[in-house]
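The values are calculated or read from the model by the stated rules, or taken from the named source; none is laboratory data. The structure displayed is predicted, hence computed values, not measured ones. In this analysis, Cβ positions are derived from the backbone assuming ideal geometry, glycine residues included, and neighbour counts consider all displayed protein chains. The accessibility values were calculated without ligands, DNA or RNA, using every heavy atom of the protein model including side chains. Shrake-Rupley method; radii C 1.70, N 1.55, O 1.52, S 1.80 Å.
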Amino acid sequence: MSRQQQQTTQGVVLTGYHSNAELLPKTGLCAPSCPPAQDHESTVASRRTGHYTVQQNQNTQHGDRYEPAATTEMTKACSTHPSSLPNPGSGACPRSQPSSSPKPDSSPRHSPTSRSRSQPTCQRCNSQDSLEELEMDDYWKEVENITRSGGGAGRGEGEVQEEEQQKIPEEGEQEEAWLTEAGLARLFDDSLAADQDQEEDSAVFLSTLTRTQAAAVERRVASLQQTLLRRRNRQHVPDVRDIFRPPEKDEQPSKLKGGSENGQKDVTSAETETELNVEVAFSEQALTYKDNNQRLKVTTSPNSADDKLPDFKLLRDKTGQTRIGDLSPLDMKKVRRLVLVEMTALFDTAGIDLKAHKAVKVKTKESGIFGVPLATLLDQDQRRAPGTKVPFILQRLISHIEEEGLDTEGLLRIPGAATRIKSLCQELESSFYDGMFPWQQLKQHDTASLLKLFIRELPHPLLTVEYLSAFIAVNKLPTKKQQLQALNLLVLLLPEPNRDTLKALVEFFQRVIDHQAKNKMTLNNVSVVMAPNIFMFKGFRSKVTEQQEFSMATNTANIVRLLIRYQNLLWTIPKFIMTQVRRQNMESQRKQNKERAVRKLLKKITTDKPSDKAVPEESSQGFIRVQAPQFSKVSMAVQLTAELQAADVLTRFLNQDSSVTVKREELCLYEIGGNIKERCLDGETYMKDLFQLNPTAEWVIKAVQR
């Protein structure tokens, strides 16, 4: 392509995807939550890709067109005629084929600025290591199926689609929003300067940050200061030098006990390429990686050999792994603030500028199933069953697919017929909660299509408008390890309903993949098919070039692939974040203890009431007292040994109290108080190591609170 051609294609706007196939006549619109029906039987193996309507900038000449890319044969593929393509559901690798360009007059929606797309190389291989081996043809077929099934499913007749406009933030607005979300609004809002509690909270929070985390905050405070000075509408703005005092020349960064408090532990310790170090801040590890590469003059690419999927595992922590849901809401609030700063610091270290977007309020349904916000769905479901984490409709669709069996070939890939989906959608809306829906008549592929429709029809994307661009930007990080670390942080940042729903989905996808010998749906196949359903939400507009459009397809498939493959790692809270939470709690307690010192002394003088705390002699003699107030045996003494784990304590308790009717998996040993609010312990937690970390904690057995 000539330089002139490259220049004239900049600044295009993606306005909508159109199928290359002839548009079928509409048979009418259903209820406001269902897709318009088209008489299209999904089992037809179409190889046409489709195209997007593209609005070019003023400098683009109407006569400019991309020349079709030359079709190359795949490695290990035989050259055959395109008509001899194998069954798309088979495990064989089909041959490459020429692209099918749309006919100029095939659709009234084809605008003069529409451009034909050359079809991506078609591959269906068994290897799950490299994105180059993805069957990207299935991605474009899925986009075409989405369009045919009704991209406006959720709009009534005559209703205009409301687009998720991405508001361009004003100067300084993004920094203000970021600092506010991190709980640091005091650093720029003079009205909060007199709030003593806010000031102490910010001071405690800032004191626990690593150098890269502090640099991320400092960068945004400094940028906002420059903006506020230009506005000249503030009388006083805290100087960034007053917040972050530069260290003295001989001063070394502070360290935690054990060398990991501020993430300054030697990153180059005995850590292998497949071990994830969660004791050191991810941004600190990324900075060390960057410094080492610059010193050695090494250049890396996200699509180099590191594009393989290693068998990552967490370095074992004797104080126990902390999963989402193990902590109290108060501690989770601290976790979220720290994760936001850490995620930003990680991208800053890689030189990636994240542009946050705000969700514009759009008119949404207040009841029903399809096109209803997750929070609204859960609210109506929780009125029927308190504690519900995942919408009933999604749970029921998943369970029905599994009841029918996961061996169905092409599951998730082959769509159901559009006419049936329309009818089923209407019937679900009217009879799901009444229990009258005829599930026994529902076909496997139709159920999968309804599940995908449910995800697409959410008013806001499952990964949220705020963080969708950050999820896509994960692909820009230089190594798979950093990509995995960034996804871990982003999962922690998702609102609870989105995070729980996403977890239910990736767990289901993994169960589908476990049956790949029968259903032909490998990790790559599932990722490619589900990517457009998760990342393409209705009304979304984005400025992309044609090259970016194709790369985005691969990038989004890669993100889904990582979410499925490493789900057991992504829904955990890194130890360095937990360490920072413990430090914040200790600092807060120290301040509170000073205020209570006088009152405590007076109380001690006026009463002889003994302390309710565990007898200190037990701890000094190597014992802890485990309490179980919900059961007949309310407490027991347990001797601490080097090998004693939390699971052993539960076993001992159950053996001593035969009246317990609660199942073993529904019980948990909790760490309460000290430097943590409340934490459900991993069964493999070594109690002696944890006791040394939190000697003033209480140990309580109770039913799991999830």
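Quick rundown of the values:
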quantity	calculated
Matching entry among I393, I369 (being touching a residue at least 12 places away in the same chain (Cβ under 8 Å) and part of a helix (DSSP H, G or I))	I393
Residues located in segment 660-669, provided they are surrounded by 13 or more Cβ atoms within 10 Å (Cβ to Cβ), more than 31 Å from the chain's Cα centre (by Cα) and farther than 10 Å from V704 by Cβ	V660
Single unsatisfied condition, S449 versus (1) surrounded by fewer than 22 Cβ atoms within 10 Å (Cβ to Cβ); (2) in contact (Cβ under 8 Å) with a residue 24 or more places away in the chain; (3) hydroxyl-bearing (S, T, Y)	(1)
Selection from segment 670-686 of residues that are open to solvent by less than 20 Å² (accessible area, probe 1.4 Å), out of contact with any Asp or Glu (no Cβ under 8 Å at 6 or more places or on another chain) and within 17 Å of D317 (Cα to Cα)	T685
Residues of segment 639-689 that turn out to be among the hydroxyl-bearing types (S, T, Y) and within 21 Å of T572 (Cβ to Cβ), as a count	3
Any pair with Cβ under 7 angstrom, 6 or more apart, that starts in segment 509-525 at a residue that is without any contact (Cβ under 8 Å) to a residue 40 or more places away in the chain and ends at one that is of a type in the set (S, T, N, Q)	Q516/T522
Within segment 360-380, considering residues that are of a type in the set (A, V, I, L, M, F, W, C) and open to solvent by 40 Å² or more (accessible area, probe 1.4 Å), the one nearest to L450 (Cα to Cα)	A375
Given (1) at pLDDT below 95; (2) open to solvent by 20 Å² or more (accessible area, probe 1.4 Å), index of the condition K503 fails	(1)
Options P415, P386, P497; residue that is open to solvent by 10 Å² or more (accessible area, probe 1.4 Å), outside any helix (DSSP H, G or I), out of contact with any strand residue (DSSP E or B) (no Cβ under 9 Å at 6 or more places or on another chain) and closer than 30 Å to T322 by Cβ	P386
Answer from D317, D348, D311 - the residue that is in a loop (DSSP other than H, G, I, E, B), in contact (Cβ under 8 Å) with a residue 12 or more places away in the chain and closer than 30 Å to T208 by Cβ	D317
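Let's see how each residue does on (1) modelled with pLDDT of 85 or more; (2) closer than 17 Å to D326 by Cβ; (3) open to solvent by 90 Å² or more (accessible area, probe 1.4 Å):
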| residue | (1), (2), (3) |
| --- | --- |
| S588 | yes, no, no |
| R596 | no, no, yes |
| L602 | no, no, yes |
| K613 | no, no, yes |
| A628 | yes, no, no |
| K633 | no, no, no |
| N655 | yes, no, yes |
| S658 | no, no, yes |
